[in-house]
Amino acid sequence: MSSRRMLLGMQFGNGYGAQVTSWRAPNVDPKNYTDIDAVVRYAQAAERGKIQFLFLPDTPALSSDLTHEAPQMTLDPLLTLAAVARGTSRIGMVATGSTTFIEPYNLARQFKALDVMSHGRAGWNPATTSDPNAAANFGQTIAERPERYGRAHEVIQIVQALWGSWEEDAWIADPTTGIFADPAKVRPVNLGGQYVSSRGPLPIPPSEQGQPVLFSAGGGEYGLTLAGRYASGVIGSTFSIDDARAQRDAAREAAGAAGRDPDEVKFFAGLMPAIAPTVRDAVERRMLLGTNTFPQRVPYLGQMLGLRLDPRQIDEPLTAEQLAAARPSPYDPRAPRAFEVANQGWTLREILGHGVIDYHPTPVGPASVTADHMQEWFEAGAVDGFWVSIDTYEDGIDTFVDEVVPLLQERGLFHEDYEGKTLRDHLGAAPQYGLDPRVSGVGVAH
Ligand SMILES: Cc1cc2nc3c(=O)[nH]c(=O)nc-3n(C[C@H](O)[C@H](O)[C@H](O)COP(=O)(O)O)c2cc1C
């Protein structure tokens, strides 16, 4: 076996977990949404597992059904990570920041501040926010993709230029000579395009990794071009090894087309493991979280199976006639797994307890089931690593760290410890300071 090791990121959200109902799971403080100490404790647990980075999705809008569900994001991603930075020392921290609704100067300043405060552990996921609820918060409507992505390219390039507005040795801070910084090495950027512009410079010197690492999550042609030009990490939602490999290849090709080395882009597949001593226990864990939500998901489960299903059947398995008539929907990549589980004779509630409608694949059962899934996908060359969404943080991060991580380490698939100190070190991300000269200049006038 080669010495290639997988990289791991962890979804980091609202203080409860990746399921919208984890706020009411056993042993969880239902007020954790505003408890930064709990959030820091969870980050420390992930760091104990040598996870390379936390990744915080975000949309600047409140869109959940608050009656039963907690918002699926932190109070504020950067302020949360500022606190996490003080409670951790090695784990990388990637936050989502909207290119549609935030000015590049603000993005550049806040992410660079986090990078400096965390000693080079920050990353940015530039999101071309497409949620109308977010637009409404800024008195706007959602523009078509060409405009949103045109703006995103400009924003990213200006942000990177601002990050490079202090040369690496510009900050002298020598009390003997009285020189604080070399003004010849701190320069404005004077960049502007069709949508945004900025003069600069930033008031912030380089961090230990120079500047934050860029990520990308999402898809489509526009998203791929963005990822190919700027991202060191791409996070994808994918339900089969073949599709994951195709997504990874596409990201690598996009990087090549932008003049970069394809190895500079690492592809992460999402994963939402349900871990418990037995398959039955893992299904029970998820059914408890789904008490309120599963009944309303039964009709959609039916669509995935090509059947009309009634929520009143939720505690029954499919009948022989239903099984004979069932066909996995060609329109939902999760349908083959739902079909497979349905054929094992589980009730509808139990089928849903297998996570068949979750956003990412759900290995169900003891830690070895999750480790086997990860090993299979990794050794098939479909991924460089995984983005793991833990259902309930309070006990789930420890379970992943104490049970899955050691199995991956024993199998030689995951590192034993952090080899370096910065997020770039953890990812093997190429050094970069300021704009990448290989890809700069799109839509931004110098
Ligand atoms: C794993 C994953 C995580 C994502 N996280 C976010 C996020 O936090 N915020 C966001 O605005 N979009 C996020 N997206 C991207 C959106 O789902 C969508 O792909 C993106 O808004 C692109 O849509 P557009 O092409 O219409 O802009 C994520 C996508 C994936 C696959």
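The values are calculated or read from the model by the stated rules, or taken from the named source; none is laboratory data. All of these numbers come straight from a predicted model, not from anything done at the bench. Please note: Cβ atoms are built from the backbone with ideal geometry, for glycine as well, and neighbour counts cover all protein chains shown.
Yes or no: the range 180-189 includes at least one residue that is touching a residue at least 40 places away in the same chain (Cβ under 8 Å), surrounded by 13 or more Cβ atoms within 10 Å (Cβ to Cβ), more than 16 Å from the ligand (Cβ to nearest atom) and not acidic (D, E). No, every residue in the range 180-189 fails to be touching a residue at least 40 places away in the same chain (Cβ under 8 Å), surrounded by 13 or more Cβ atoms within 10 Å (Cβ to Cβ), more than 16 Å from the ligand (Cβ to nearest atom) and not acidic (D, E). Within the range 145-166, residues that are in the same structural domain as Y105 (by TED's automatic domain parsing) and touching a residue at least 60 places away in the same chain (Cβ under 8 Å) reach partners that are aliphatic (A, V, I, L, M) and in a strand (DSSP E or B) with beta carbons closer than 6 Å, at six or more positions or on different chains, in the pairs E154/V444; Q157/V444; I158/L191; A161/L191. When the residues of the range 281-317 are filtered to those that are touching a strand residue (DSSP E or B) at 6+ places or on another chain (Cβ under 9 Å) and either within 12 Å of I351 (Cβ to Cβ) or at pLDDT below 95 (or both), the one that is surrounded by the fewest Cβ atoms within 10 Å (Cβ to Cβ) is D315.
Residues of the range 90-132 that are surrounded by fewer than 24 Cβ atoms within 10 Å (Cβ to Cβ), within 11 Å of the ligand (Cβ to nearest atom) and more than 21 Å from G9 (Cβ to Cβ): F101, S130, D131. The conditions of being more than 25 Å from Y433 (Cα to Cα) and either touching a residue at least 12 places away in the same chain (Cβ under 8 Å) or in contact with a helix residue (DSSP H, G or I) (Cβ under 6 Å, 6 or more places away or on another chain) (or both) are met by A135. Residue under question is G210, and the condition is that it be surrounded by fewer than 20 Cβ atoms within 10 Å (Cβ to Cβ) and either away from the ligand (no atom under 12 Å from the Cβ) or free of Cβ contacts under 8 Å to residues at least 60 places away in the same chain (or both); does it hold? Against the criterion (surrounded by fewer than 20 Cβ atoms within 10 Å (Cβ to Cβ) and either away from the ligand (no atom under 12 Å from the Cβ) or free of Cβ contacts under 8 Å to residues at least 60 places away in the same chain (or both)), G210 qualifies.
Restricting T141, T177 to residues that are among the polar types (S, T, N, Q) and within 16 Å of the ligand (Cβ to nearest atom) narrows the list to T141.
The helices (runs of 4 or more DSSP H) located wholly in the range 273-346 that include 3 or more residues which are farther than 30 Å from F400 by Cα occupy 294-305, 320-325. In the range 225-260, the qualifying residues are those that are in a helix (DSSP H, G or I) and of a type in the set (V, I, T), and the one that is farthest from A338 (Cα to Cα) is T225. Scanning the range 380-409 for residues that are surrounded by fewer than 24 Cβ atoms within 10 Å (Cβ to Cβ), under 26 Å from E264 (Cα atoms) and in contact (Cβ under 8 Å) with a residue 12 or more places away in the chain yields A380, G381, A382, D384, V405, L408. When G210, G220, G256 are checked against the criterion of being under 30 Å from Q52 (Cβ atoms), modelled with pLDDT under 95 and assigned by TED's automatic domain parsing to the domain that holds I172, a single residue qualifies: G220.
Taking the criterion of being in a loop (DSSP other than H, G, I, E, B) and either touching a helix residue (DSSP H, G or I) at 6+ places or on another chain (Cβ under 6 Å) or on the phi > 0 side of the Ramachandran plot (or both), the only residue of the range 2-13 that qualifies is M6. Looking across P201, P277, one residue alone is under 30 Å from R334 (Cα atoms), more than 13 Å from the ligand (Cβ to nearest atom) and in contact (Cβ under 8 Å) with a residue 12 or more places away in the chain. It is P277.
Checking the stated criteria, K50 turns out to be assigned by TED's automatic domain parsing to the domain that holds V404, touching a Leu at 6+ places or on another chain (Cβ under 9 Å), surrounded by fewer than 24 Cβ atoms within 10 Å (Cβ to Cβ) and of a type in the set (K, R).
For the range 63-83, the tally of residues that are out of contact with any helix residue (DSSP H, G or I) (no Cβ under 6 Å at 6 or more places or on another chain), aliphatic (A, V, I, L, M) and within 14 Å of the ligand (Cβ to nearest atom) stands at 1.
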